[in-house]
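Everything below concerns the one structure shown next.
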Amino acid sequence: MKLKIAALIAMIIPASLLHAENWPGFRGPTGNGKSSEKNPPTAWSPSENIKWKLKLPAPGSSSPIIWENKIFLSQSMNKEGSERALLCIDRKSGKTLWQKSVNYNEKEPTHSTNPYCSGTPVTDGSRVIVSFGSAGLYCYDFDGNILWNKDLGKCIHLWGNSSSPILHKDLVILNFGPGENSFVVALDKNSGKEIWRANEPGGSSALEKGQDWLGSWATPVIHSRNNSSQLIMSWPNNIKSYNPENGSLIWTCKGLTKLVYTSPLIEKDIVVAMSGYHGSAMAVRTDGLGDVTESHKVWLNTSKNPQRIGTGVIHNNHLFMANAGPGNIQCIDILTGKDLWENQRLGANHWGSIIYADEKLYATDQNGDTFILEAKPVFKQLGKNSLKENTDATLAISNNEIFIRTYQHLWCVSTQK
């Protein structure tokens, strides 16, 4: 009987939906910027292959997340950030199903290029969790009912905040900062109860002239090896690995510089971490204990690197980066650190993260131009698609549809009839 029911369901549900991939958090299902979709769109414009677009109330740079027929998007409802909201959007029509707002009228500085609510939400299919910076961490069910919220203190830095929460088992984990109040924290996703916290010297908030510019805007990632997991986090001056169950430090590796915008990238047992503002980049093996600076570092590049804001993606031992700079595109051998696409330029500044799907790379610059490249060490451009609107966000892919958030709209790119 069960087999008959399964066969009947397979006949009723379109094949595309049976193989659809949710996009539940920043940079996709595993946080590594890779999609398993096999035929996402490769050509679009404001009038071509656009299923719908939703007008947004104010600029933003967070990314949409998708679970089945619902899209969630964090959004400041005004430029001042006094109303911060989570939007739930119907993926079929692009209509807003509900909006839940939090008011915050205290001072929270940010940069003009970093609108409030720039952290991407995360979902497990029944709850969605969003960081509103100083306004707190909030958890809602899929009908918009608030399940819990957590006040983590004020997040004060000259350039604001942008880290996104991630999920690991029953924990929601967040890099809270940068600024003097800087730490990585794990909460029970069901209750909001704090399970552990690992404080990190955050330095000054750099609000006064002469103070140091210091901080990490990185989103942490989970790395599984030998039936155990590590939480990898890029901080000013070093990479750290934690036990995600209790927050204990496993290893640390020095070599980064004072500003970090990108998230760690992991291929097998190698982590690549990159500093921003022309700082260093390095790779380290993950099987160490304690200070592994001398024993497990694979390579360290301290030359004047590009300005790195968006995170790259690793495929077949090659790290592909789309940088600010402007338009600097790289293919880096993760075993040696060598740039195989040296001096390659493509478009304007890239602030969003590059995405991999179906042996292709999708790199969107601030002009709203998405360049499609072969995911191979020999540079080859396959296409360019323009929306003609400013964007700093990272695109999302689900059920062979692409969702792009610009300052003005949320776009659904689709070739499906």
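The values are calculated or read from the model by the stated rules, or taken from the named source; none is laboratory data. Keep in mind it's a predicted model, so treat the numbers as computed, not measured. All Cβ positions, glycine included, derive from the backbone under ideal geometry; neighbour counts span all protein chains shown.
Results, tabulated for the structure shown:
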quantity	calculated
Condition met for G177 (within 19 Å of the chain's Cα centre (by Cα), over 25 Å from T406 (Cβ atoms), modelled with pLDDT under 95 and not β-branched (V, I, T))	yes
Filter result for G347 (farther than 25 Å from L300 by Cα, over 20 Å from the mean Cα position of the chain (by Cα) and in contact (Cβ under 8 Å) with a residue 12 or more places away in the chain)	yes
Residue ID - farthest from I71 (Cα to Cα), chosen from residues in region 112-135 that are surrounded by fewer than 24 Cβ atoms within 10 Å (Cβ to Cβ) and touching a Ser or Thr at 6+ places or on another chain (Cβ under 7 Å)	N114
Residue identified as within 23 Å of N49 (Cβ to Cβ), part of a strand (DSSP E or B) and β-branched (V, I, T) among I329, I404	I404
Test: residue in region 380-397 that is within 20 Å of the chain's Cα centre (by Cα), farther than 16 Å from G352 by Cα, in a strand (DSSP E or B) and at pLDDT 95 or above	no
Boolean, T311 is touching a strand residue (DSSP E or B) at 6+ places or on another chain (Cβ under 9 Å) and under 24 Å from S216 (Cβ atoms)	yes
Exclusive hit being in a loop (DSSP other than H, G, I, E, B), surrounded by fewer than 20 Cβ atoms within 10 Å (Cβ to Cβ) and touching a residue at least 12 places away in the same chain (Cβ under 8 Å), set G288, G310, G352, G276	G288
Residue count for region 372-417, restricted to those that are within 20 Å of G119 (Cβ to Cβ), basic (K, R) and surrounded by fewer than 23 Cβ atoms within 10 Å (Cβ to Cβ)	0
So E342, is it under 15 Å from A281 (Cβ atoms) and surrounded by fewer than 17 Cβ atoms within 10 Å (Cβ to Cβ)	yes
In region 36-73, the residues that are surrounded by fewer than 17 Cβ atoms within 10 Å (Cβ to Cβ) and part of a loop (DSSP other than H, G, I, E, B)	S36, K38, N39, A43, P46, S47, P57, E68, N69
Residues of region 89-110 satisfying the condition of being in contact with a Leu (Cβ under 7 Å, 6 or more places away or on another chain) and either surrounded by 19 or more Cβ atoms within 10 Å (Cβ to Cβ) or assigned to a loop (DSSP other than H, G, I, E, B) (or both)	I89, G94, P109
Condition broken by S224, with the remaining ones in (1) modelled with pLDDT under 95; (2) touching a Lys or Arg at 6+ places or on another chain (Cβ under 8 Å); (3) assigned to a strand (DSSP E or B) satisfied	(2)
Scan of region 136-160 for residues that are crowded, with 17+ Cβ neighbours inside 10 Å and within 22 Å of L207 (Cα to Cα), ordered by number	G136, L152, C155, I156, H157, L158, W159, G160
Test: A363 is touching a residue at least 40 places away in the same chain (Cβ under 8 Å) and either of a type in the set (V, I, T) or closer than 30 Å to N399 by Cα (or both)	yes
Residue within region 114-124 that is within 17 Å of I173 (Cα to Cα), touching a residue at least 60 places away in the same chain (Cβ under 8 Å), of a type in the set (S, T, Y) and part of a strand (DSSP E or B) present	yes
Selection status of T120, over 28 Å from T30 (Cβ atoms) and at pLDDT 95 or above	no
Breaking point among (1) under 16 Å from F26 (Cβ atoms); (2) in contact (Cβ under 8 Å) with a residue 60 or more places away in the chain; (3) not basic (K, R), for N161	(2)
Residue tally, condition in contact (Cβ under 8 Å) with a residue 40 or more places away in the chain, at negative phi, crowded, with 17+ Cβ neighbours inside 10 Å and not hydrophobic (A, V, I, L, M, F, W, C), over region 201-228	5
Considering residues of region 246-270 that are touching a strand residue (DSSP E or B) at 6+ places or on another chain (Cβ under 9 Å), outside any strand (DSSP E or B) and free of Cβ contacts under 8 Å to residues at least 40 places away in the same chain only, the residue nearest to G352 (Cα to Cα)	L256
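Let's see how each residue does on (1) in a loop (DSSP other than H, G, I, E, B); (2) at pLDDT 95 or above; (3) closer than 18 Å to S76 by Cα; (4) more than 20 Å from the chain's Cα centre (by Cα):
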position: W148; (1), (2), (3), (4): no, yes, no, yes
position: L152; (1), (2), (3), (4): yes, yes, no, yes
position: C155; (1), (2), (3), (4): yes, no, yes, no
position: V184; (1), (2), (3), (4): no, yes, no, no
position: G192; (1), (2), (3), (4): yes, yes, no, yes
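Every residue, every condition in (1) closer than 17 Å to T391 by Cβ; (2) at pLDDT below 95; (3) under 18 Å from the mean Cα position of the chain (by Cα); (4) not charged (D, E, K, R), yes or no:
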| residue | (1), (2), (3), (4) |
| --- | --- |
| V272 | no, no, yes, yes |
| G288 | no, no, no, yes |
| E294 | no, no, no, no |
| W299 | no, no, no, yes |
| S303 | no, yes, no, yes |
| N317 | no, no, no, yes |
| A324 | yes, yes, yes, yes |
| D333 | no, no, no, no |
| G337 | no, no, no, yes |
